[in-house]
Amino acid sequence: MTTPMRAAGLIYGPEPHHLDHLAPLCCLLQIPLIVTEESILEQAEQFYPELEAKCVSYHSISDALVKNFEVIFHCSIRDLFDEIFFFAQKFNNKKLHTIWCPHGNSDKGHSTFYMEALGKEEVALVYGQKMIDFFKEKGVFDNLKAHAIVDNYRYSYYLKHKTFYDELVKNKIGRQLPVRKKKILYAPTWDDVEKSSSFYDATASLIERLPESFNLIIKLHPNLRLKDPFGVDKFLLAYEDRIQILFIEDFSPVYPLLNFVDIYIGDASSIGYDFLAFNKPMLLLNQNNRDSEKDPGLYLFKCGIEIRKDQYHDIYKILTAYLPSDISYFSDVRKNVYEYTFGKEKNEIDLKAEIEALYKVFPEKDLNFY
């Protein structure tokens with residue numbers, strides 16, 4: 001008789017931006033989420049109350065996972081996973097199998113080594129056709145033994161718990177801001193190898209030129225602080241008295257925040273694709289003045305107004321000018337890009353069954369570690 005495979009989600013290390021991707025998935029599959037950082041556990045317990053989450057020390061994590069599970073959902077890559085868990089697998093003569101979970105639909109990696117790092121994954125979850133096409137472009141898709149299309153399960157999770165999350169945003173964010181007609185979210189990516197973050201060049205102009213009629217919420221990417229804690233703190237201290245400005249950290253649920261705001265400003269962050277679910281105005285910052293007509297890394301830019309680096313100081317003039325015609329210009333494009341990215345929504349039962357069917361790719365005999 002075959003023993004059912006036990007599965008868990010894993011966030012190893014200070015990667016809080018993985019939480020909003022793995023927590024809804026673990027809730028869907030009714031499996032635990034294992035983390036190694038107490039701060040991530042605190043967010044998990046606060047923002048995903050139905051989630052079974054547990055923090056395991058770095059010292060104990062390898063043995064705990066190998067002894068208690070067979071399948072691990074993660075947002076990292078297999079090479080890094082094996083570096084951490086190699087000896088525990090060897091000692092216990094048991095191979096842990098991994099299923100890769102995307103942490104956003106970023107357009108990064110078209111011109112740099114990025115998706116190629118997934119070449120050793122056996123199984124992957126993909127949002128929709130756009131990610132499949134990207135995998136094929138990078139020569140990754142044909143290496144997979146299996147995949148499951150999971151559409152926008154995070155948005156579905158938000159809708160299922162909408163009352164809880166909308167109240168959460170109202171209490172934790174809305175009450176910290178004065179009443180204004182429009183709320184803007186600025187969610188820059190971090191300063192990675194592609195140097196696509198607009199944070200250091202755009203933030204001051206966005207704050208200092210903010211009209212009275214707007215509030216500005218700035219969602220900081222966790223890696224910004226990890227890479228440059230003093231630089232981030234400098235911004236926070238410089239503008240801590242601005243009542244229209246709110247910097248947010250340690251708030252992982254993305255969709256309730258996107259529902260709360262009226263306008264999105266971003267660069268290469270995958271949150272831009274998440275925002276398509278609401279079909280609201282978008283301003284996309286072209287930090288490196290790339291050709292948005294030809295560069296596949298700027299595919300999202302067709303969904304809103306493009307702002308080049310030398311125009312950052314005029315963002316609000318441009319915003320005010322184009323807002324009245326936003327729907328007529330971009331609404332249909334946003335709907336089409338959203339469907340290409342995430343596809344059609346699946347019900348929970350069918351999606352859960354499709355993901356669990358992936359376990360069959362891992363025969364029981366393969367649990368022996370060679």
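The values are calculated or read from the model by the stated rules, or taken from the named source; none is laboratory data. Remember, predicted model here, so these are calculated numbers, not experimental data. Cβ placement follows ideal geometry from the backbone for every residue including glycine, while neighbour counts extend to all protein chains displayed.
Just checking, which of 81, 73, 85 is surrounded by 18 or more Cβ atoms within 10 Å (Cβ to Cβ) and either in contact with a His (Cβ under 8 Å, 6 or more places away or on another chain) or among the polar types (S, T, N, Q) (or both)?
Working: 73 fails: either in contact with a His (Cβ under 8 Å, 6 or more places away or on another chain) or among the polar types (S, T, N, Q) (or both); 85 fails: either in contact with a His (Cβ under 8 Å, 6 or more places away or on another chain) or among the polar types (S, T, N, Q) (or both).
After ruling out the rest, the residue left standing is 81.
What number of residues within region 127-183 satisfy the criterion of being touching a helix residue (DSSP H, G or I) at 6+ places or on another chain (Cβ under 7 Å) and among the aliphatic types (A, V, I, L, M)?
8
Let's see how each residue does on (1) over 18 Å from the mean Cα position of the chain (by Cα); (2) at negative phi; (3) outside any loop (DSSP other than H, G, I, E, B); (4) surrounded by 16 or more Cβ atoms within 10 Å (Cβ to Cβ):
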| residue | (1), (2), (3), (4) |
| --- | --- |
| 269 | no, yes, no, yes |
| 285 | yes, yes, yes, yes |
| 289 | yes, no, no, no |
| 299 | no, yes, yes, yes |
| 312 | yes, yes, yes, yes |
| 315 | yes, yes, yes, yes |
| 318 | yes, yes, yes, no |
| 345 | yes, yes, no, no |
| 357 | yes, yes, yes, no |
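Quick grid of which residues meet (1) assigned by TED's automatic domain parsing to the domain that holds residue 192; (2) in contact (Cβ under 8 Å) with a residue 12 or more places away in the chain; (3) surrounded by 15 or more Cβ atoms within 10 Å (Cβ to Cβ):
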{"residue": "93", "(1), (2), (3)": "no, yes, no"}
{"residue": "98", "(1), (2), (3)": "no, yes, yes"}
{"residue": "123", "(1), (2), (3)": "no, yes, yes"}
{"residue": "133", "(1), (2), (3)": "no, no, no"}
{"residue": "157", "(1), (2), (3)": "no, yes, yes"}
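Given the criteria in contact with a Ser or Thr (Cβ under 6 Å, 6 or more places away or on another chain), farther than 23 Å from residue 361 by Cα, at pLDDT 95 or above and assigned by TED's automatic domain parsing to the domain that holds residue 287, does residue 187 qualify?
Numbers: in contact with a Ser or Thr (Cβ under 6 Å, 6 or more places away or on another chain): yes; farther than 23 Å from residue 361 by Cα: yes; at pLDDT 95 or above: yes; assigned by TED's automatic domain parsing to the domain that holds residue 287: yes.
Yes.
Any idea how many residues of region 116-169 are among the acidic types (Asp, Glu) and outside any helix (DSSP H, G or I)?
Taking region 116-169 first, the residues among the acidic types (Asp, Glu) are 116, 121-122, 133, 137, 142, 151, 166-167.
Subsequent filtering for residues that are outside any helix (DSSP H, G or I) retains 121-122, 151.
Qualifying residue count for the region: 3.
Within region 327-343, take every residue that is touching a strand residue (DSSP E or B) at 6+ places or on another chain (Cβ under 8 Å) and in a helix (DSSP H, G or I) and give me the one that is surrounded by the most Cβ atoms within 10 Å (Cβ to Cβ). Before you say what the answer is, go through the steps one by one.
The initial filter retains those residues of region 327-343 that are touching a strand residue (DSSP E or B) at 6+ places or on another chain (Cβ under 8 Å), namely 330, 334, 343.
Next cut, in a helix (DSSP H, G or I) only: 330, 334.
Details: 330: 20, 334: 24.
If we take residues in region 327-343 being touching a strand residue (DSSP E or B) at 6+ places or on another chain (Cβ under 8 Å) and in a helix (DSSP H, G or I), then 334 is surrounded by the most Cβ atoms within 10 Å (Cβ to Cβ).
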